[in-house]
Structure formats: structure tokens, C-alpha cells
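So the structure is just underneath, and the comments pick up after that.
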Amino acid sequence: MLSQFTWQEFLIATLVLTLVWYAGIILLFYRKEVNNFLSGKLDQKADPLTHRWKNKVEPLEQQSEDVSEDLLGKPKVPEGMCTVSMGKFGFAKDDIAKAQQIGLVPDVLQELKILFALLEKEDGNKKDFFNLMEVVREKYKQVGSNPNIGRINEFIIVHAPFHLTAEELENLWD
């Protein structure tokens with residue numbers, strides 16, 4: 001019996017039944033919206049729902065801005081923890097190490113990075129390096145007496161595109 005129907009007839013019947021189904025759903029559940037659409041009342045908004053409880057509820061009290069506690073009070077900070085400002089945060093053991101972290105040595109290392117980048121870009125040689133180091137030495141005169149001068153010299157040895165002798169490194173900061 002199904003072999004008597006063609007695909008075209010089957011698809012037309014499916015399309016018609018689908019349209020009838022959706023038309024029934026729309027007319028059943030969206031009758032008000034369809035009537036508004038057909039009468040040209042597109043801009044009307046739906047009536048808000050009534051809230052029976054609205055008149056029986058007290059309005060929320062506004063808290064003042066300086067009170068930030070909730071019902072249970074301020075939370076207790078766990079033992080061993082404290083709140084600090086950004087300036088007091090760091091990983092140094094003492095104030096001297098902290099000053100070295102945020103002070104002279106990192107500034108010199110940053111200058112050296114810029115210097116080596118310039119040497120690489122301009123294809124500089126050892127003579128150019130010493131000329132540029134005179135500017136860095138004048139800018140950071142107190143580096144020669146810093147206890148971390150060895151770390152700075154190690155950085156120079158690792159990043160220099162040429163060989164520097166121990167005597168040249170020693171005379172670099174004098």
C-alpha cells in the first residue's frame with residue numbers, strides 16, 4: 001500500500017500536517033498575541049502579573065555604606081595570615097633583601113638587557129659595549145660597591161656576544 005505513494009506526495013502530506021499542527025499550537029497557546037498581531041496592536045506589552053504578597057512584605061532596610069558586616073559579623077582571618085598593602089608584599093627575607101629586589105640591581109639588569117638588545121640590533125662589538133657601559137656606570141655609580149655585583153657580572157658574561165676577561169669585568173664598574 002505504501003508503494004502507491006510517491007515521495008512528492010509523502011512530503012506534501014507531511015508539510016501540510018506539520019503546518020496544521022503548528023497552527024493549532026499557535027492558536028491554542030498564543031491566541032492573545034495572534035489577535036494583537038492581526039488587529040495591529042504590536043506595541044502593547046503584556047499585563048504584568050499581580051503579586052498577592054506585595055502588600056504584606058516590608059521593604060528592605062538600606063544599610064549604610066560604612067557597615068560592611070553581614071548577619072554573622074566580620075570573618076575571622078585564619079591563624080598565620082594577615083592583610084597587607086601592596087607595598088608591603090614581597091618574597092624577601094628582610095628589608096635589605098627587599099630593597100635589593102626592588103632597587104638597584106634589577107634596574108641595572110634592565111639597563112643591561114636594553115644595552116645587549118641594542119648591541120644585537122646594531123651588530124655592536126666589544127668597543128661599543130664599553131662605550132655604552134660608561135653611560136650605565138655613570139647612571140648607577142653605587143653598583144660597584146653592591147654585594148650582588150657578582151650576579152650582575154654573571155649576567156653580563158652569559159648575555160655578552162663576545163668574551164670578557166675577569167680583569168675587564170673588574171674594571172667595568174670602577
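Quick one: net charge of Trp173's neighbours, Cβ under 10 Å, K/R +1, D/E -1? Write out the running numbers ahead of the final one.
Numbers: positive: Arg137, Lys141; negative: Glu170, Asp174.
Around Trp173, the charge tally is 0.
Return the FRET efficiency for the residue pair Met1, Phe29: r is the Cβ-Cβ distance, R0 is 30 Å, and the value is rounded to the nearest 0.05. Present the calculation step by step, with values, prior to reporting the outcome.
Details: r = 36 Å, r/R0 = 1.19.
Efficiency for this residue pair is about 0.25.
Take the Cβ-Cβ distance between Met86 and Ser145 as r, set R0 to 35 Å, and report the resulting FRET efficiency rounded to the nearest 0.05. List each step's numbers first, then the result.
Values: r = 30 Å, r/R0 = 0.86.
Working from the Cβ atoms, E equals 0.70.
Residues in region 101-132 near a label at Phe155, defined as backbone nitrogen under 12 Å from the 7 Å Cα→Cβ point?
Answer for region 101-132: 101-116.
A short reminder: the numbers here are calculations on the coordinates, not readings from a lab. Source: prediction; values computed, not measured. For neighbour counting, all protein chains shown are included, and Cβ atoms are generated from backbone atoms with ideal geometry for every residue, glycine included.
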